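These notes concern the structure reproduced below.
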Amino acid sequence: MKMKFRILGGLAIAAATTVILGSCTADPDSAGLEYMPDMYRSPAIEPYVDYGQVRETENVDMKMSLSAMTPPFGSVPYYGTDSLEVALMLPYHRKANIAFRQTHGMFDDELSLDDTYKMAAADNNPMPLPTDEDALKSFFANGKVLFENNCSHCHGVKGNGQGEMMVTGKFAGVPDYANLTDLSDGQMFYSIYYGKGSMGAHRSIINKKEIWTIVHYIKKLQDSDYGSPNTGVDSQEVAEVTEDDQ
């Protein structure tokens, strides 16, 4: 009897060893053999997968078809219950001029026959600057990050139009913000949101709140004293957040 138990025990150990070693692989990036993947691997649909070719099976009818659907026209993401926040994030009330159909490929948008860029001059920045000194510094620091991530490659970290794309000669004609002090908040927003000239639209990259933050930061680049009258703090202290890398 003991001999049988020893044999069965030996076989069980051998089987367990085989299973454990069999799950190993020489590939350092592999998780090894998966015995029950459905237990720990999400079955959720991957939005950017080419479903025309799945597991060595090719479906010509579905190949290269759009898998990530855009939201229904006119729908608005949920932005909470703060009425000011919701109002700020609602769709931009000005439509792009009909010329954007040719210049920026806006074939599916509702476009306007009016000179909406000129009309945008009447729009003021709806985001008030913080009144607290620390909050104001943090606000401009955030604007700096947004500007450098989305704008500085052309406009330069100083806003002087000497970004990397300009220096390398890839593009030309980017203005120096110092020469655009008469440009209104609304026109700056319009240009970032829809694009202008050779600059593409940024509305799919950054939201309205982020664009208005960038508008504030551009005005800070134009004038280091910008924002200080609203706080009563030393303008030099506020300007410190824009002096790095300049």
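Coordinate-derived values only; no laboratory data. None of the values given here were measured: they were computed from a predicted structure. Positions of Cβ are backbone-derived with ideal geometry, glycine not excepted, and every protein chain shown enters the neighbour counts.
Which pairs break 22 Å Cα to Cα here: Lys137/Lys219; Lys170/Lys219; Lys95/Lys118; Lys144/Lys170; Lys158/Lys196; Lys158/Lys220? Working shown, then result.
Numbers: Lys137/Lys219 14 Å; Lys170/Lys219 26 Å; Lys95/Lys118 12 Å; Lys144/Lys170 24 Å; Lys158/Lys196 20 Å; Lys158/Lys220 10 Å.
Table pairs above 22 Å Cα-Cα are Lys170/Lys219; Lys144/Lys170.
Chymotrypsin sites (Phe, Trp or Tyr not before Pro), restricted to the range 76-142: which are DSSP loop and have at most 11 other Cβ atoms within 10 Å?
Numbers: sites: Tyr78, Tyr79, Tyr92, Phe100, Phe107, Tyr117, Phe139, Phe140; in loops: Tyr78, Tyr79, Tyr92, Phe107.
The qualifying sites are Tyr78, Phe107.
When a/c reaches 1.5 or more, the comparison of a/b and b/c decides; with that in mind, is the range 83-243 rounded, prolate or oblate per its Cα gyration tensor? Intermediate values should be presented prior to the final figure.
Numbers: a/c = 2.06, a/b = 1.32, b/c = 1.56.
Since a/c reaches 1.5 but b/c is at least a/b, the shape of the range 83-243 is classed as oblate.
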